[in-house]
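> My questions will all concern the structure given below.
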């Protein structure tokens, strides 16, 4: 089963894939110009990799978690997916991604950090 995960943000969407249920690889993030363009880009990514299941990071127990959960679920509804969607707690993944990549690359706003966070979300889902 081919899995993908996304870490939905207001400016970038981090993306990771797992093709063998063992190895998770971050991919190039999707930069958001607007939600319709971002939804098209996510759909294209899922089609290109022939993904069977999408894992979506959801914030839990944060100060603005309810608002972000509402925004993320609305964004997912724009995808009009024909594959299964599962939600995974993303609490602390951005901080963990920053710690993991310290010194590997400068933390620019190119989305690499977001995709490492998506990788962590998928690893948590798979319990790797």
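> When you go through (1) modelled with pLDDT under 95; (2) part of a loop (DSSP other than H, G, I, E, B) one by one for residue 71, which number turns out not to apply?
Exception for residue 71: condition (2).
> Residue 85 passes all but one of (1) touching a helix residue (DSSP H, G or I) at 6+ places or on another chain (Cβ under 9 Å); (2) under 22 Å from residue 123 (Cα atoms); (3) buried (at least 19 other Cβ atoms within 10 Å of the Cβ); which number fails?
(3) is the only condition that residue 85 fails.
> Name the residue, out of 78, 122, that is more than 15 Å from the chain's Cα centre (by Cα), in contact (Cβ under 8 Å) with a residue 40 or more places away in the chain and at negative phi.
The unique qualifying residue is 78.
> Now a separate question. Would you confirm whether any residue within the stretch 90-108 is modelled with pLDDT of 90 or more and over 11 Å from residue 6 (Cβ atoms)?
no
The values are calculated or read from the model by the stated rules, or taken from the named source; none is laboratory data. Just so we're clear, the structure is a prediction, and the values are computed from it rather than from any experiment. All Cβ positions, even for glycine, are placed from backbone atoms using ideal geometry, and neighbour counts span all protein chains on display.
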